[in-house]
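S.K.: Let me begin by handing over the structure; questions about it come next.
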Amino acid sequence: MPEAAQVGLFIHFIGVFALGGATAISLVVLTMIQRAKTVQEIRHWGSLGALLSTYYVFPVLGLILLLSGSYLVDKIGEEWGEGWIGVSAVALIAAVAIGFFVNTPRFKGIGMGAQQAPDGPVPPALSEKINDPVLVGAVYGLSMTALGIVWNMTIQPGNAGALLAIVIFAGAGAAAGVLTAQQRA
């Protein structure tokens, strides 16, 4: 019979894998709508992305990770003040908030724009929404933030090291996203 901490770790890993999958889906959706030649293609790929927001996938997974992580912190006798724990928890909360308040409205705007646009080539106004540097930078930055959190969980650095890892990973992702959007514009 598994111990409670082992079950907690299993749930935490499932949350990590699910978050990785949802993050990959958001990157694929963004990439495919950026490459779309027609409004119909944007509608098709946008419907996949809409599932993420309709079912609040990122907030739910964030909550699962925070709850299972909190349980594990208690069970293994660690402290929230440990950099790799506290900084990563704050980064996770910030990432979910950015996704919810920055990405979700922009993706919904793209979806509404695609529904209202006539079939055929992508109109310039819709293309501008798709290549919004804030959206692309946020999607890339949040993807890399997830990797920064995994780095922290693996390496277990102190406060400064954990914060530096998040800043480097998230900053590199956001910068790459903004540069990508600018090149596409």
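The values are calculated or read from the model by the stated rules, or taken from the named source; none is laboratory data. This structure is a prediction, so every number in the text was calculated from the model and none was measured. No Cβ is skipped: glycine too gets one built from the backbone with ideal geometry, and neighbour counts run over all protein chains shown.
S.K.: Given the options 64, 25, name the one that is under 18 Å from residue 9 (Cα atoms), of a type in the set (A, V, I, L, M, F, W, C), out of contact with any His (no Cβ under 6 Å at 6 or more places or on another chain) and surrounded by fewer than 21 Cβ atoms within 10 Å (Cβ to Cβ).
M.R.: Only one candidate qualifies: 64.
S.K.: Continuing with the same structure: Exactly one of (1) at pLDDT 95 or above; (2) surrounded by fewer than 16 Cβ atoms within 10 Å (Cβ to Cβ) is unmet by residue 55. Its number?
M.R.: Of everything listed in (1) at pLDDT 95 or above; (2) surrounded by fewer than 16 Cβ atoms within 10 Å (Cβ to Cβ), residue 55 misses just condition (1).
S.K.: Restricting to the stretch 86-109, give me the number of residues that are without any contact (Cβ under 8 Å) to a residue 24 or more places away in the chain, aliphatic (A, V, I, L, M) and in contact with a helix residue (DSSP H, G or I) (Cβ under 7 Å, 6 or more places away or on another chain).
M.R.: Adding up the residues that qualify gives 1.
S.K.: Does residue 49 qualify as being more than 30 Å from residue 133 (Cα to Cα), of a type in the set (Gly, Ala, Ser), part of a helix (DSSP H, G or I) and at pLDDT below 95?
M.R.: no
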